[in-house]
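Structure record follows, encoded as structure tokens.
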Amino acid sequence: MQIFFNVININMADWKERLGVVYSTNPDFKYDNGESEPTETLPADKQSLRVWRDTHGRAGKVATIVRGFVGSDDDLAALGKRLKQKIGVGGSVKDGEIIIQGEHRDRVTQLLVSEGYTRTKKV
């Protein structure tokens, strides 16, 4: 019986992520820390976006939220920046959502459809 030991090169940055992995008997072992490759951004006409009105966790203030974007964080941030500039309000991009301050569902939906996001719905 042959047992292969792969030496894991542990540097100071990732040793906590590898807790519990000491060795492997598989010679082709590759450690997977759960990070996925960046997703490719779908074309605008294939995106299925939803525009929500939300007040939770905002002290009763209204926010318009755009959900359902499939693509890279940079493309999502660029779309959020364009929407905020065209409407003239503040907001942010967090956790795969575009958050726009205020009740702007109608305007956001119109802007998204005009930019080619034809599968956009107001919820």
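No lab work stands behind these numbers, since they all come straight from the coordinates. What you see is a predicted model, and the numbers here were worked out from it, not measured in a lab. Ideal geometry is used to build each Cβ from the backbone, glycine not excepted, and the neighbour counts take in all protein chains shown.
May I ask you to list the lysines whose Cα is less than 28 Å away from that of Lys86, ignoring any residue fewer than eight positions away on the same chain?
Correct list for Lys86: Lys46, Lys61, Lys94, Lys121, Lys122.
Can you work out the PRE-style zone for Lys94? Point 7 Å along Cα to Cβ, and I want the residues of segment 53-83 with backbone N under 17 Å.
Those under the cut-off are 53-68, 77, 80-81.
Subtract the Cα-Cα distance of Arg67 and Glu40 from 0.36 nm times their separation in residues, and report this length gain in nm to one decimal.
Result: 8.0 nm gained on full extension.
If each residue's Cβ is checked for other Cβ atoms within 10 Å, how do Ile100, Ile87 rank with the fewest at the top?
Ile87, Ile100
Please arrange His56, His104 by counting, for each residue, the other beta carbons lying within 10 Å of its beta carbon, fewest first.
Lowest count first: His56, His104.
Simple spin-label model, 7 Å along Cα-to-Cβ: Lys121 to Asp75 in nm?
Calculated label separation equals 2.2 nm.
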